[in-house]
Each structure stands twice: as C-alpha cells, then as structure tokens.
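Inspection log for the structure reproduced underneath, given as structure tokens.
Every read-out reported here was derived from the displayed coordinates using simple, explicitly stated rules and does not represent laboratory data. Note that this is a predicted model, so its numbers are computed, not measured. For neighbour counting, all protein chains shown are included, and Cβ atoms are generated from backbone atoms with ideal geometry for every residue, glycine included.
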Number of protein chains: 2
Amino acid sequence: MNISEAARRSGLSSKTIRYYEEIGLIEAARRADNGYRQYEAEQVENMQFLARARNVGFDLEECRQLLALHRDSGRQSRHARELVLEKSAHLQQRIDALEAMKATLEDMAARCHGDEGPECAILDDLASGGGKA
Amino acid sequence: MNISEAARRSGLSSKTIRYYEEIGLIEAARRADNGYRQYEAEQVENMQFLARARNVGFDLEECRQLLALHRDSGRQSRHARELVLEKSAHLQQRIDALEAMKATLEDMAARCHGDEGPECAILDDLASGGGKA
DNA sequence: GCTTGACCTTCCAGTCACTGGAAGGATTAG
DNA sequence: CTAATCCTTCCAGTGACTGGAAGGTCAAGC
C-alpha cells in the first residue's frame, strides 16, 4: 500500500510517517519501481503503536524505547511499567501546574468588572503581583 | 542597572530579556558608554508584568496584547477579561486532555504485572488498541 | 494522445520561546 | 597582573512536526 493508505490506517499523517522514517523511528520502507514507499500490514501496526503511544503522552524517545520493548521477546514488563508510571507522574505535575494557572486566571476574572471602563483587576494583578499572581 | 540585576528583580533571565527586546516585546534599552544595557525601575516593572503573564499561561502574542492594554489609559477592562476567560477555557481543554492520557496510563499500569516476565498489558494495549487506549 | 487531478518524491523553511555556546570586550577584586 | 565575572553579538539547536515549492507518476475521462 502507498503512504497515504498507511497514514489513513495508522492515524499518522504521511508527513509524520516520512519524518519517523527519517529519524529512524520506523524502518525505511520498501520502494516500488516508481520510487513510492510501499507498506505491509506489519509496518502499519508499528505506526499504530506509535500513534497510540504518542496519544497517551510519550515523547518520541520514549516511543522508541516502548517499540524496542515491544519487539523484544525477552523483555521484562517491569521496564514498560516504569516508563508508564514515570510518564503518569509527569503528567500529574503538568496538570497541577495548569490547574494553578487556571485558578489564578479565574480569580482575576472574578475580580474584574469586564466592562467598558479602564479599571481592571487583571491588569493590576499582572502589574503588581497582587491577587493570586 | 545592568541586565543581570534587571533579570534578578524581574524573574526573567538575561537571555530572555534580550530576546524580548529583539522581538519588540520590550523597548530597546538605553546603553551605557561601554555598550551595556541600562534599565530603570519602570522597565523592570514591565518585565515583571511579562513574567507574571507568562506564568499564568499566556503566550508572547497575548502578553503583547495585555501589555498594550496595560499601557492604554483608555482601555476597556472587558478586553482583558476576554483574554483571561479564553485562556482559562484553553487551559481546561489541555487539562482534560492530560487527564485522559493519565487515566489511560494508570489503567494500563494497573493491568500490567510489572515483573521480570515478558507478558505486558501496556505493550499489548499499545499494539492492539485494547484497554482504554 | 491529452488534460486534469490526485498522488508521490525531495528538500528547505518555519513554528514557539527560549537556551547554549562561541568569540571577544569590560569591569572588579585581590 | 591575573582571574573571575560581567557584558556584547551572532549562530545553532530544541521537539515534533507542518507547509510549501518544484518536480515526477498515475488513473480516468475525452
């Protein structure tokens, strides 16, 4: 199958597939006589694996490790679990940071009239560090 | 004061101050005879404003708008409030996405033995799209 | 055979908000 | 005098793509 079909089936874009090939995340595709990349179901499965791993927050280096574990029949599931727990903790940190930002914004918005006048608790907070900022 | 003192007081790095000057987010500093940038309290206040705005999640373009409102005595607080509410909603979307990722990861981890053996619910989920993936 | 449109290829530039580092000049302390 | 610490400019790199240019290929319809 051509690259756009592989893209459609895997959930990656054609651009992304070429990019992953370029950085060695997926192996270089076989080429047809016209130079077009040709894919088999197996490569598409690898792409799906990558698409799913990316969707749950893994970066490309982690995806590489996960894919290596996936391919390694002598793997230890502990390694995959460690990656997952580490990523989960990381996500929680980012969530906490975003929640804190959001709380500050909501506090600012609550104290701002939001009318046609120039008085503005938001701009005052940003200027002076008042409020929760 | 020199740039490193302005950095210390504002919470931005010297590199970041130079960068903000380069992209026109803060005005070009007055130079001393030796070519060093010289700052007054007023510029440092602008830097603090930017540092705070960045800390609550605004991107540089939004910071530019907020700073413009801050400087505009004829402003309408409604404009600042709109920016804040929009950003807050955006943050919520990102939080939701991260929460979903985290839930998936936790579900995977819960079903993975995490031992010395190769059986692994995590890798199976990523490969087949099972679980919550 | 010709055209049109949808593919495919490579390569280069841009994104965002910095950060690191090189190469070199200025200042300060001892 | 020297060493350490500032400061300057400029260039390159980050992550993970995305957009676009320039050009080759293919299938369908006339």
- Item | Of all chain A residues, the one whose C-beta is nearest the axis that brings A onto B, in angstrom | A:I95, 3
- Taking the alpha-carbon set of chain B, what are its Rg and Dmax in Å? 23.3, 70
- Message: Once each part is reduced to its C-alpha centroid, what is the distance from the range B:95-125 to the range A:57-133 in angstrom?
- Response: 20
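Roughly how many debye, to the nearest 20, is the charge dipole of the protein assembly as shown about its Cα centre, given +1 on each Lys and Arg Cβ, -1 on each Asp and Glu Cβ, and no other charges?
360
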- Here the whole-number average of other chain Cβ atoms within 10 Å per Cβ of B:43-50 is 2
- Query: Using a ≥ b ≥ c from the Cα gyration tensor of the range A:1-47 (square roots of the eigenvalues), is it rounded, prolate or oblate, where a/c under 1.5 gives rounded and otherwise the larger of a/b and b/c decides, a/b for prolate?
  - Reply: rounded
- Tabulate in residue order the Karplus-calculated ³J(HN,Hα) for the range B:47-58, using 6.51 cos²θ - 1.76 cosθ + 1.60 with θ = phi - 60°, rounded to whole Hz; enter x for Gly and Pro. 5, 5, 4, 5, 4, 5, 5, 4, 5, 9, x, 6
- Message: Return the Rg/Rh ratio of the range A:92-133 with Cα-based radii and a Kirkwood Rh.
- Response: 1.08
- Message: Taking B:R71 in one copy and the same position in all the others, each labelled 7 Å out along Cα→Cβ, what are the pairwise distances from the first, in nm, shortest first?
- Response: 5.5
- Considering only DSSP states other than H, G, I, E and B, which GluC sites (Glu not before Pro) in the range B:27-82 qualify as loop sites with at most 13 other Cβ atoms within 10 Å? B:E27, B:E40
- Message: Tell me the mean residue ellipticity at 222 nm calculated for the protein assembly as shown from its helices only (DSSP H runs of n ≥ 4, each -39500 (n - 2.57), averaged over every residue, nearest 500).
- Response: -21000 deg cm²/dmol
- Message: Quick check: net charge around A:A28, other residues with Cβ under 13 Å of its Cβ, Lys/Arg +1 and Asp/Glu -1?
- Response: +1
- For B:M47, A:M101, order by how many other beta-carbon atoms lie within 10 Å, fewest first: A:M101, B:M47
- Regarding the protein assembly as shown, what are the three Cα extents along the principal axes, ordered largest first, in Å? 65, 41, 36
- Query: What ranking of A:L67, A:L60, B:L126, B:L50 emerges when the number of other C-beta atoms within 10 Å of each C-beta is taken as an exposure proxy, fewest first?
  - Reply: A:L60, A:L67, B:L50, B:L126
- Query: To one decimal in nm, how far is A:D96 from the same spot in the other copies, if labels go 7 Å from Cα toward Cβ? Please give the shortest first.
  - Reply: 2.5
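How would you rank B:S73, B:S88, A:S128, going from fewest to most other Cβ atoms within 10 Å of each one's own Cβ?
B:S73, A:S128, B:S88
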- Item | Shortest-first distances to equivalent copies, position A:A41, nm, label 7 Å out along Cβ | 7.5
